[in-house]
Amino acid sequence: MLSLDAPLDTRTEPYRWALAQDLLPAGARARLRADLPELDAFRRIERAAGGDKQYGMYVLPLVSRGEPLPGLAQAGPAWRELAESVLGGAYRAWVEEAVGAETADCPIDLGVFVFGPGDGVSPHTDKADKWATHVFYLNEEWCEADGGSFQVRADPSPGSPPVASVVPGGGRSVVFARSDASWHAVAPIAPTAPEYRYTVQVEMWR
């Protein structure tokens, strides 16, 4: 399902991250969207204050530490094909080459995250026991004014501009290695966005 020879733009500042184009080809993205269950199968999670970050989104976990969850059975066959791909050695080697994370034998989580109007994630770094995160965007038509951009940040201050912003659509995906410097955020979805923001997230653990 994955096109591991897709164009890849690797960066080392302010931490190791990379932007891939059509790693999930258009046909695969369409199949995944078609095989998603309705939003009422997702769990709403949000935190308006406190903790290490604030967030709002809908979540459907599919795989936890390499083991399938009930959500994978709720989704259609395209999702089981994707799970097989991201658990495989070729994909792990691709991540290691892209951002330097030691992913050969690491446990992997896979889930679907959906963001509606006002949803986003405040600046944060991930937990210290994570190697890397990879986010695929399933929306085809999306523009920066719709919000929801992935923000690569040099620090946690919401007032400082991001080092880079990735518009969440059009076949893009972002992968980054976890470090104490790997600050990132998701800009809030604009109330005028034409649809919800659909993402696939792969998390690789130590």
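List of remarks:
- Estimated D of region 113-200 in µm² per second, where Rh is the Kirkwood radius over Cα pairs and Stokes-Einstein applies at 37 °C, 0.692 mPa s: 249
- Computed FRET value (nearest 0.05) for Ser157 with Glu84, which takes r as the C-beta separation and R₀ as 30 Å: 0.15
- With the helix formula -39500 (n - 2.57) applied to DSSP H stretches of n ≥ 4, the chain reaches a computed 222 nm mean residue ellipticity of -4500 deg cm²/dmol.
- Cut-off 13 Å (backbone N to label point 7 Å along Cα→Cβ of Arg206), residues of region 170-185: 178-181
- Diffusion coefficient of the chain by Stokes-Einstein, Kirkwood radius over Cα pairs, 37 °C, 0.692 mPa s: 193 µm²/s.
- For the pair Arg47 and Glu195 in one chain, pulling the backbone fully straight at 0.36 nm per residue adds 51.0 nm over the alpha carbon distance.
- Counted by neighbouring Cβ atoms within 10 Å, the residues Glu144, Glu203 run from fewest to most as Glu144, Glu203.
- Debye intensity ratio I(q)/I(0), log10, region 20-139, q values 0.13, 0.19, 0.24 Å⁻¹ (C-alpha model): -0.59, -1.26, -1.53
- Other residues whose C-beta falls under 12 angstrom from the C-beta of Lys127 contribute a net charge of -2, scoring Lys and Arg +1 and Asp and Glu -1.
- Estimated translational D of region 116-161 in µm²/s (Stokes, Kirkwood radius over Cα pairs; 20 °C; 1.002 mPa s): 164
Here, each number is a calculation from the coordinates, and none is a lab measurement. It should be emphasised that the depicted structure is a prediction, and the values quoted were computed from it without experimental measurement. In this analysis, Cβ positions are derived from the backbone assuming ideal geometry, glycine residues included, and neighbour counts consider all displayed protein chains.
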